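The next block holds one structure in the form of structure tokens; read it before the comments.
Derivation of every value follows stated rules applied to the coordinates shown; laboratory data play no part. Every value quoted in this text rests on a predicted model; they were computed, and no experiment measured them. Every residue, glycine as well, gets a Cβ built from its backbone with ideal geometry; the counts of neighbours run over all protein chains shown.
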């Protein structure tokens with residue numbers, strides 16, 4: 001039995017509210033159970049210096065967690081400096097989102113996606129990728145409507161979900177009580193068409209078989225299907 005009472009293949013409730021900030025070109029608040037992340041996308045008509053005169057656009061991301069997003073207060077990273085975990089997560093978000101972008105269609109501009117965790121209960125990087133895509137979609141829609149670009153730079157959805165082996169069973173969408181005790185933990189980033197972008201998977205005290213990995217991949221594919229449907233519903 002899972003602590004939440006969910007079935008092994010059951011996702012947490014997913015809610016995506018768009019247009020939650022006034023100034024960002026794209027924004028959403030994504031809630032995956034008790035994990036809540038504010039995602040904004042900002043359009044910058046400049047690109048990094050190493051991309052000037054290439055005709056290509058760029059998408060990058062930043063990630064942060066509010067001090068009381070977890071059970072105990074953490075120190076602001078603006079004060080102590082970014083942790084290795086934060087840097088790793090925001091790089092993951094950036095390259096995951098870029099996997100769905102036609103950079104030539106975007107033109108020589110960049111979109112910066114900010115993901116700020118308001119409340120954490122496991123799966124914050126996955127929620128950030130999923131919500132980050134929604135914010136990115138809304139920002140590119142604005143570029144299309146304004147005529148600043150003429151073809152859609154987003155070629156597919158991108159979403160992410162965690163899967164793992166908890167209490168000896170493969171389960172979908174781990175919350176914190178499961179994540180903290182899982183024997184195997186993985187994050188799966190996929191496109192809406194089911195293509196893999198990145199898999200982060202490791203044993204946490206026990207090994208896993210190839211068959212178990214295949215089972216987790218199947219669970220993740222079902223989860224990403226549901227997340228892509230929620231994304232599309234949110235941006236329609």
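What the table below lists for this structure:
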read-out	value
Residue with peak Gaussian network fluctuation, the chain [Cα springs, cutoff 10 Å], from 136, 56, 38	56
Top of 159, 127, 24 by mean-square fluctuation, Gaussian network on the chain, Cα under 10 Å	24
Residue-averaged [θ]222 nm for the chain, counting only DSSP H segments that reach four residues, each worth -39500 (n - 2.57)	-10000 deg cm²/dmol
79, 142 arranged by Cβ crowding within 10 Å, fewest neighbours leading	79, 142
Mean separation of Cα contacts under 8 Å (6+ apart) over length of the chain, as relative contact order %	22
Cα-based helix-to-principal-axis angle, 84-98 vs the chain, degrees rounded to 10	60
Gain upon complete extension [residue 75, residue 102; 0.36 nm per residue less C-alpha separation]	5.9 nm
Residue 53 versus residue 17: modelled label distance in nm, points set 7 Å from Cα along the beta carbon direction	4.8
On Cα atoms only, tilt of 210-235 relative to the major axis of the chain in degrees	40
Percent antiparallel among DSSP beta bridges (both partners in the chain, rounded to 5)	85
GNM top mover of 164, 131, 19 - the chain, alpha-carbon springs below 10 Å	19
Rounded tilt (10° steps) of 124-146 against the dominant C-alpha axis of the chain	20
